[in-house]
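Please read the structure below before turning to the comments.
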Amino acid sequence: MKPAICDLCLNDFRSEMFHAASGGDLVRFADYSPLDAGCAGHPHGYEWFCAEHLASAQALASLNYADAMARLFRQFGPFPEYPALAHSDPALWVLQVGPNPTRVFCIIRQAMALSPRQAKMLMATAPFKVMQAWPQAFRTWQQALEQAGASVETRYPSSRSALVESTAPPRR
């Protein structure tokens, strides 16, 4: 079976699929051909699509795979090449510090093992990544930040987010 990578835009949502069973789904086209019993591989006409392109692909499921893909490429245009994922675990991000920056400051320092100066500089640049790990590993920090009034988000890596993150200015 192919990994959860959008067949159209090559958006890699394996991590989100593994951790949260979301991010996209498989679409069965008209020329779907199941594998014989005992065979390994991926059946023809049964492809992954990210959440962004899933509805459009499902609307074309009555067509054969090649015709559907031709229409999808015409509809969405060409896509740039995306680098492979360097890290596949989701990340905890602080989007906004919120009404209690002192509490958030203390939590950030403890969670990230930062000096007061580093934590202060980081908080001034929100949004910022707190840590990258399995969601269960940062759930305690996520809850503490939410209780302190911070707006947080779990971000699942994709080829696109790796590209955006790699072009972001370095943290000091």
TODO: With the condition kept exactly as written, say whether any residue in the range 45-59 is touching a helix residue (DSSP H, G or I) at 6+ places or on another chain (Cβ under 8 Å), free of Cβ contacts under 8 Å to residues at least 24 places away in the same chain and not charged (D, E, K, R).
DONE: yes
Task: Output for the range 94-122, where each listed residue is without any contact (Cβ under 8 Å) to a residue 40 or more places away in the chain and touching a strand residue (DSSP E or B) at 6+ places or on another chain (Cβ under 8 Å) - done: Ile108, Ala111, Met112
Task: Every residue from the range 30-60 that is hydrophobic (A, V, I, L, M, F, W, C), more than 25 Å from the chain's Cα centre (by Cα) and more than 16 Å from Pro3 (Cβ to Cβ) - done: Ala30, Leu35, Ala37, Cys39
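Considering only the range 146-172, state which residues are at pLDDT 85 or above and of a type in the set (Val, Ile, Thr).
We begin by selecting, within the range 146-172, every residue at pLDDT 85 or above; these are 146-155.
Once the filter is applied, which keeps residues that are at pLDDT 85 or above and of a type in the set (Val, Ile, Thr), the range 146-172 yields Val152, Thr154.
If we scan the range 20-39, do we find a residue that is under 21 Å from Glu146 (Cβ atoms), out of contact with any Pro (no Cβ under 6 Å at 6 or more places or on another chain) and not assigned by TED's automatic domain parsing to the domain that holds Gln147?
From the range 20-39, those under 21 Å from Glu146 (Cβ atoms) are 20, 22; that's our starting set.
Filter once more, keeping what is out of contact with any Pro (no Cβ under 6 Å at 6 or more places or on another chain): 20, 22.
Cutting the leftovers down to not assigned by TED's automatic domain parsing to the domain that holds Gln147 gives us 20, 22.
Scanning the range 20-39, I find at least one residue that is under 21 Å from Glu146 (Cβ atoms), out of contact with any Pro (no Cβ under 6 Å at 6 or more places or on another chain) and not assigned by TED's automatic domain parsing to the domain that holds Gln147, so the answer is yes.
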Open item on the list: Please go through (1) hydrophobic (A, V, I, L, M, F, W, C); (2) under 13 Å from the mean Cα position of the chain (by Cα); (3) surrounded by 13 or more Cβ atoms within 10 Å (Cβ to Cβ) for Ala21 and return the number of the only condition it doesn't satisfy.
Closed with: (3)
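The values are calculated or read from the model by the stated rules, or taken from the named source; none is laboratory data. Just so it is clear, the model here is predicted, and its values are computed rather than measured. When we count neighbours, we look across all protein chains shown, and the Cβ atoms used for this are built from the backbone with ideal geometry, even at glycine.
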